[in-house]
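In what follows, a structure is listed as structure tokens, so that the remarks can point back to it.
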Amino acid sequence: MALEISFYPYKLPLTAAWPGMTHNPMRFREGWVVKAEEHNCSGIGDCAPFQAFGTESKREAHRFLLQCAGNTWPDSAALLGKLEKQRTGYPASCFALETALLDLKSRKTDLPLRKMLNSKSSDRVRVNALSGSICDENTLSSIESGFKVIKLKVGKQAVEEELACLKALCRKLPPQYLLRLDANGAWNLDEARYFLAASEGLPIESLEEPLHETGLAAFADLQNQTNITLALDESLKNLDLNEVLTNPAIRRLVLKPGVQGGLRCTLALAESAAAAGKESVITTLVDSAIGVQATCQLAAATDPLSPGLAHGLATSDWLSEDIAKPPEIRAGYVFLSDTPGLGIHETF
């Protein structure tokens, strides 16, 4: 039996508008469940384009999935070969298709997908909470759930106002708790310098994407002026990765397999970053449970590279309904089962 590809749409409502999008609030997460079948065995993946983060558009993804589903593939290797050449143009689609193929293969070999990626993969992974914006009233609610790293959006209001909110929050924050901030490229260089200088000494674990200026030089210069770890996320798609990896000022990368184009290439990039002395945080794109499970498997495979680093995997609570059961998160950790493949028990 030749490899067969099929896909089915979904549309999942969010519990609240996604905080990372100001001008065009996102209230639904839309995509496709991708299914790969071969020799009476199947695997699944999640194609959920998020163009604002650097993926292809929904229209482009649909066109690429139609093409792949309409082709005849003698085996998984043939499709994987095509995906290697298409990751840049169709990262969300390639992530979904590769995930389905890897799920299929790991089910056949009776291994959890993470163990197929890395035999030394962890069975639990530390995660950060995602609690909205810095001046929201409910920013401390995640503490009750046991998260020790709490991610908050900044750059939504005036710098002075957000600094006041930050300092007030830090006064209430219990010992051992840390804040992971994300500006989504909101500030110019002077604003970022001011914010960082005023934040020195506060329990800030890191700050993602502080600058709207493009280019690595300004980011590296800013990092050299602060003790707070800065992280590259969305801007990675516009940078030369070799320059990123060889720049000594760069400390952390935020990697989304749906943006990088798959699990294996994201793992390879995390390994290269670790070899260069840099950390890699693995995060979802507010995916369905299938995409979240896949990203958790990847985070478990990368965990030995930076043991104990919190990853951005706790996004399922932002969906008011889902297409499958999301991974178990307890006391700030995601726990992965020994079920072969992704760990998804539902059938599609």
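Computed values, structure above
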item: Residue selected from segment 214-236 under the condition buried (at least 18 other Cβ atoms within 10 Å of the Cβ) and outside any helix (DSSP H, G or I), by the criterion nearest to the chain's Cα centre (by Cα); result: ASP233
item: Segment 237-257: number of residues that are in contact (Cβ under 8 Å) with a residue 60 or more places away in the chain and open to solvent by less than 10 Å² (accessible area, probe 1.4 Å); result: 1
item: Number of positions in segment 180-208 that are assigned to a loop (DSSP other than H, G, I, E, B), touching a residue at least 12 places away in the same chain (Cβ under 8 Å) and open to solvent by 10 Å² or more (accessible area, probe 1.4 Å); result: 7
item: So LEU211, is it touching a residue at least 24 places away in the same chain (Cβ under 8 Å), open to solvent by 10 Å² or more (accessible area, probe 1.4 Å), touching a Cys at 6+ places or on another chain (Cβ under 7 Å) and more than 18 Å from GLU279 (Cβ to Cβ); result: no
item: Among residues of segment 289-348, those that are open to solvent by 20 Å² or more (accessible area, probe 1.4 Å), over 18 Å from the mean Cα position of the chain (by Cα) and at positive phi, counted; result: 1
item: Residue in segment 153-167 that is under 22 Å from ILE282 (Cα atoms), buried (at least 17 other Cβ atoms within 10 Å of the Cβ), touching a residue at least 60 places away in the same chain (Cβ under 8 Å) and of a type outside the set (Asp, Glu) present; result: yes
item: Among the residues listed as SER76, SER121, SER57, SER133, the single one being surrounded by fewer than 21 Cβ atoms within 10 Å (Cβ to Cβ), more than 18 Å from ALA36 (Cβ to Cβ) and in contact (Cβ under 8 Å) with a residue 40 or more places away in the chain; result: SER133
item: Restricting segment 39-54 to residues that are within 22 Å of the chain's Cα centre (by Cα) and small (Gly, Ala, Ser), the residue that is surrounded by the most Cβ atoms within 10 Å (Cβ to Cβ); result: GLY45
item: Selected residue [touching a strand residue (DSSP E or B) at 6+ places or on another chain (Cβ under 6 Å), without any contact (Cβ under 8 Å) to a residue 24 or more places away in the chain and either open to solvent by less than 30 Å² (accessible area, probe 1.4 Å) or not β-branched (Val, Ile, Thr) (or both)] from PHE7, PHE28; result: PHE28
item: Residue list for segment 79-118, restricted to those being open to solvent by less than 40 Å² (accessible area, probe 1.4 Å), more than 13 Å from PRO257 (Cβ to Cβ) and more than 19 Å from the chain's Cα centre (by Cα); result: LEU79, LEU80, GLY81, LEU101, LEU104, SER106, PRO112
item: Matching option when the condition is over 30 Å from ASP182 (Cβ atoms) and of a type in the set (Asp, Glu), among GLU98, GLU56, GLU4, GLU60; result: GLU4
item: The one condition in (1) closer than 17 Å to HIS311 by Cα; (2) open to solvent by 40 Å² or more (accessible area, probe 1.4 Å); (3) touching a Gly at 6+ places or on another chain (Cβ under 9 Å) that GLU271 fails to fulfil; result: (3)
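The values are calculated or read from the model by the stated rules, or taken from the named source; none is laboratory data. Note that this is a predicted model, so its numbers are computed, not measured. Note: ideal-geometry Cβ built from the backbone for every residue, glycine included; neighbour counts use all protein chains shown. Each accessible area value is taken on the protein alone, full model and side chains, heavy atoms only, with ligands, DNA and RNA left out. Shrake-Rupley method; radii C 1.70, N 1.55, O 1.52, S 1.80 Å.
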